[in-house]
There are 2 protein chains.
Amino acid sequence: MPTHPSIPDLKTLKDIYQSQQTYTRVTPLIPCDELGEKVQGKVFVKAESLQKTGAFKFRGALYRLLQLSEQEKSRGVVAYSSGNFARGLAAAGEILGIDIHLVMPVDAPKNKIENARSHGAEIKLCHDSEPSREEAAATQAAQLAQQHGYSLLHPFDDEILIAGQSAVAVELSEQLEQLGETCHYLLCPTGGGSLVAGSSMVFNTSHYPDTRIIAIEPSGFDGMTLSIKEGYRTRANGRPTSSCDALQALSPGKANFAIVEDSEVTGLAVDEAFVNEGIRFAAQNLKLILEPSGAIGLGAMLQNPEKFRGKTTVVIVSGGNIDIEKYVDIIH
Amino acid sequence: MPTHPSIPDLKTLKDIYQSQQTYTRVTPLIPCDELGEKVQGKVFVKAESLQKTGAFKFRGALYRLLQLSEQEKSRGVVAYSSGNFARGLAAAGEILGIDIHLVMPVDAPKNKIENARSHGAEIKLCHDSEPSREEAAATQAAQLAQQHGYSLLHPFDDEILIAGQSAVAVELSEQLEQLGETCHYLLCPTGGGSLVAGSSMVFNTSHYPDTRIIAIEPSGFDGMTLSIKEGYRTRANGRPTSSCDALQALSPGKANFAIVEDSEVTGLAVDEAFVNEGIRFAAQNLKLILEPSGAIGLGAMLQNPEKFRGKTTVVIVSGGNIDIEKYVDIIH
């Protein structure tokens, strides 16, 4: 993996977006007046929770599969994922006729496991959590790849996947243009960093000099934020625990960090209480069901309203795949 | 009110839609694969729950206010409404600088009352429920109009308002065209009938010969369904009770029925249990929070899957304004 990956130009990123369009949905960019009033600015929500499979990950997973050789397609694919990449990959594999094998942590949300299975993927549940639940699952996936000759896909640390995820930002840039709106802050929920890296391919300072991207992470899992501050890839400590099951990578991906480092991205950690506030806010004001990882950008604004005062902010709400019992506990 | 109102042509309806566009949102048309599989057909959901104010009523309310004379605008407006028209009218009045006075039943959902008030409307709660909660509130609104010289607006029985509500169908027709999709059945939640009448202005048999509109009503409140069968305006008996607070008109509006009667609209009543199923289905599969009146079209498909077999069906989910406690009770 090169330290400084070559970043596709805007024309290429638009072509990548177009190549997915047969299968993906255009998700709405929804004005959020209530949050705008709170920060005395403008706020829009990019509702990727309404993407096919309930999360933005479908876009990158689909594009990654489209780039496999015919031989790789016929041998099948294996990946580990805490959930949304698994579900997206399973749905994309079903559409394209590619066998998908998944290793998922045993404590992944039930709806994510069941939905991945409903798309015909073969699923192994991983009971290990050392050194972390992600890394234990990654090891099992690598073993399966070696044993069976499957192509091993990484859920975030992969330049092709990242370019596929940039589709969210390409679509957003077109929607902003149609509305005649700028974007001062773009908030990207960040685990390993495929969304923030893909977004920074589009909204970097040479294309959009007025836009600053902020990687939004759960407190204790702010590996990207720490790495940006230090100037090298480092690791969060994973404490306290977080309900953001999709954002539990302790460290950003190599490719992801290299791409982000080239842009003027900053990071922001959000406390659990504000993640839950974000979920409740979306229910009350947007009528959207969000999972914790999807609501964290709203939580960031609710925790730091002064930071966004007088500006136009776009919050990517990245997913809505939450088990109903858990959801009821939060909004009740 | 004429028995056979003049129906604007498509060009005029498109102009009406355009005239609202500065203020209204384009709501997404979302494919619903899970329901499509269930009926072995195609299903799309037109998510008006994501419209400004959380319901389609904003479109008609805004257009109705835009059509007032300057003198009428300066005197202010009074209306009765169980909630979504109230909230839509309050928001539209705030935007256009028109004083809005509302009479709402005391048992209207709290979120609808509070949100209407937050847009600066003056609200009187009506405690009467004889002969029905709607009719008692209507009488109070008429008295206020007479006392204070306000323009009295009807929440559904008004040709201008209905033409304003047709914007949902105009937007839908453009989205279907973009997708290259037809629509065999269009399901419209129906109370007094402004959505179904507005939709039948667009999707009538001369413009869209392949489309049949179905007015969806709660069992016991199926005044439009009964009126269509009888061939004249008649009244449902209001039993059993229904949680669909926005669909409690016992009889369709005069103008609404006259417009619907000219098209080949049919009606379908949905039982309370399936309304709740619709709400749960939307939470699980669409990640949308719907109020009972908004989910009734999904309930209709879940109650009668065989009716939609092999066809392309569009379900308008008309609103999402439900009190959170009530929502939790249903999805729990």
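The values are calculated or read from the model by the stated rules, or taken from the named source; none is laboratory data. These numbers were taken from a predicted model, which means no experiment stands behind them. Positions of Cβ are generated from backbone atoms using ideal geometry, with glycine treated the same way; all protein chains shown enter the neighbour counts.
For this structure, a couple of remarks:
- Any hit, segment B:177-192, residues being more than 30 Å from B:L302 (Cα to Cα) and not in a helix (DSSP H, G or I): no
- Test: residue in segment A:119-126 that is assigned by TED's automatic domain parsing to the domain that holds A:G253, more than 14 Å from the chain's Cα centre (by Cα) and either farther than 29 Å from A:P28 by Cα or surrounded by fewer than 16 Cβ atoms within 10 Å (Cβ to Cβ) (or both): no
- Any pair with Cβ under 6 angstrom, 6 or more apart, that starts in segment B:218-246 at a residue that is part of a loop (DSSP other than H, G, I, E, B) and ends at one that is surrounded by fewer than 17 Cβ atoms within 10 Å (Cβ to Cβ) and aliphatic (A, V, I, L, M): none
- Those strands (runs of 3 or more DSSP E) of segment A:38-107 in which at least 1 residues are assigned by TED's automatic domain parsing to the domain that holds A:L125, touching a Leu at 6+ places or on another chain (Cβ under 7 Å) and over 24 Å from A:L288 (Cα atoms), considering only elements entirely within it, cover A:77-80, A:100-105.
- Counted residues, segment B:115-136 - those being assigned to a helix (DSSP H, G or I) and closer than 15 Å to B:I100 by Cβ: 4
- Selection count, segment B:277-317, where residues are closer than 17 Å to A:S49 by Cβ and part of a strand (DSSP E or B): 2
- Lone unmet requirement of (1) in contact with a Phe, Trp or Tyr (Cβ under 6 Å, 6 or more places away or on another chain); (2) within 17 Å of B:V265 (Cβ to Cβ) for B:A197: (1)
- Any hit, segment B:248-263, residues being within 14 Å of chain A (Cβ to nearest Cβ) and outside any helix (DSSP H, G or I): no
- Residue match in segment B:155-165 (condition: modelled with pLDDT under 95 and β-branched (V, I, T)): no
- Long-range neighbours under 6 Å by Cβ, at least six apart or interchain, first residue hydrophobic (A, V, I, L, M, F, W, C) within segment B:156-181, second at pLDDT below 95: B:A163/B:P8
- Filtered residue count, segment A:264-282, keeping only those that are away from chain B (no Cβ under 14 Å) and free of Cβ contacts under 8 Å to residues at least 40 places away in the same chain: 3
- Sole exception among (1) in contact with a helix residue (DSSP H, G or I) (Cβ under 6 Å, 6 or more places away or on another chain); (2) modelled with pLDDT of 95 or more for B:S74, by number: (1)
- Among (1) in contact with a Pro (Cβ under 9 Å, 6 or more places away or on another chain); (2) assigned to a helix (DSSP H, G or I); (3) surrounded by fewer than 24 Cβ atoms within 10 Å (Cβ to Cβ); (4) of a type outside the set (K, R) - the single one A:F274 does not satisfy: (1)
- Filter pass, B:V26 being in contact (Cβ under 8 Å) with a residue 24 or more places away in the chain, surrounded by fewer than 17 Cβ atoms within 10 Å (Cβ to Cβ) and at negative phi: yes
- One residue alone among A:G310, A:G297 is in the same structural domain as A:L35 (by TED's automatic domain parsing) and crowded, with 24+ Cβ neighbours inside 10 Å, and that residue is A:G297.
- Between B:S200, B:S263, the distinction of being under 20 Å from B:L161 (Cβ atoms), among the polar types (S, T, N, Q) and modelled with pLDDT of 95 or more belongs to B:S200 only.
- The number of residues in segment B:146-159 that are within 19 Å of B:S263 (Cβ to Cβ) and not acidic (D, E) comes to 1.
- Of all residue pairs spaced 6 or more apart or on separate chains, those with beta-carbon atoms under 9 Å, a first member in segment A:308-332 that is within 14 Å of chain B (Cβ to nearest Cβ) and under 19 Å from A:A169 (Cβ atoms) and a second member that is among the aromatic types (F, W, Y) and not in a strand (DSSP E or B) are A:S318/A:F56; A:G319/A:F56.
- Filtered by the rule that a residue be touching a residue at least 40 places away in the same chain (Cβ under 8 Å) and more than 8 Å from every other protein chain (Cβ to nearest Cβ), segment B:283-298 gives B:N285, B:E291, B:P292, B:S293, B:G294, B:I296, B:G297, B:L298.
The rows are residues; the columns are (1) surrounded by fewer than 24 Cβ atoms within 10 Å (Cβ to Cβ); (2) assigned by TED's automatic domain parsing to the domain that holds B:A116; (3) within 14 Å of A:L288 (Cα to Cα).
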{"residue": "B:D262", "(1), (2), (3)": "yes, no, no"}
{"residue": "B:L268", "(1), (2), (3)": "yes, no, no"}
{"residue": "B:Q284", "(1), (2), (3)": "yes, no, yes"}
{"residue": "B:S293", "(1), (2), (3)": "no, no, no"}
{"residue": "B:I324", "(1), (2), (3)": "yes, no, yes"}
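Residues are listed down the side, and each one gets a yes or a no for (1) farther than 22 Å from A:K326 by Cα; (2) among the aliphatic types (A, V, I, L, M); (3) crowded, with 21+ Cβ neighbours inside 10 Å:
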position	(1), (2), (3)
A:F203	yes, no, yes
A:H207	yes, no, no
A:G231	yes, no, no
A:T234	yes, no, no
A:N237	yes, no, no
A:A246	no, yes, yes
A:A249	no, yes, yes
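- Which numbered condition A:I16 fails, given (1) of a type in the set (V, I, T); (2) surrounded by 21 or more Cβ atoms within 10 Å (Cβ to Cβ); (3) closer than 30 Å to A:K307 by Cβ: (3)
- Exactly one residue among B:E48, B:E34 is in contact with a Phe, Trp or Tyr (Cβ under 9 Å, 6 or more places away or on another chain), touching a residue at least 12 places away in the same chain (Cβ under 8 Å), buried (at least 18 other Cβ atoms within 10 Å of the Cβ) and within 12 Å of chain A (Cβ to nearest Cβ), and that residue is B:E48.
- Residues of segment B:118-147 classified as polar (S, T, N, Q) and at pLDDT below 90, total: 2
- The residues of segment A:162-210 that are over 15 Å from the mean Cα position of the chain (by Cα) and within 16 Å of A:F257 (Cα to Cα), listed by number, are A:V202, A:F203, A:N204.
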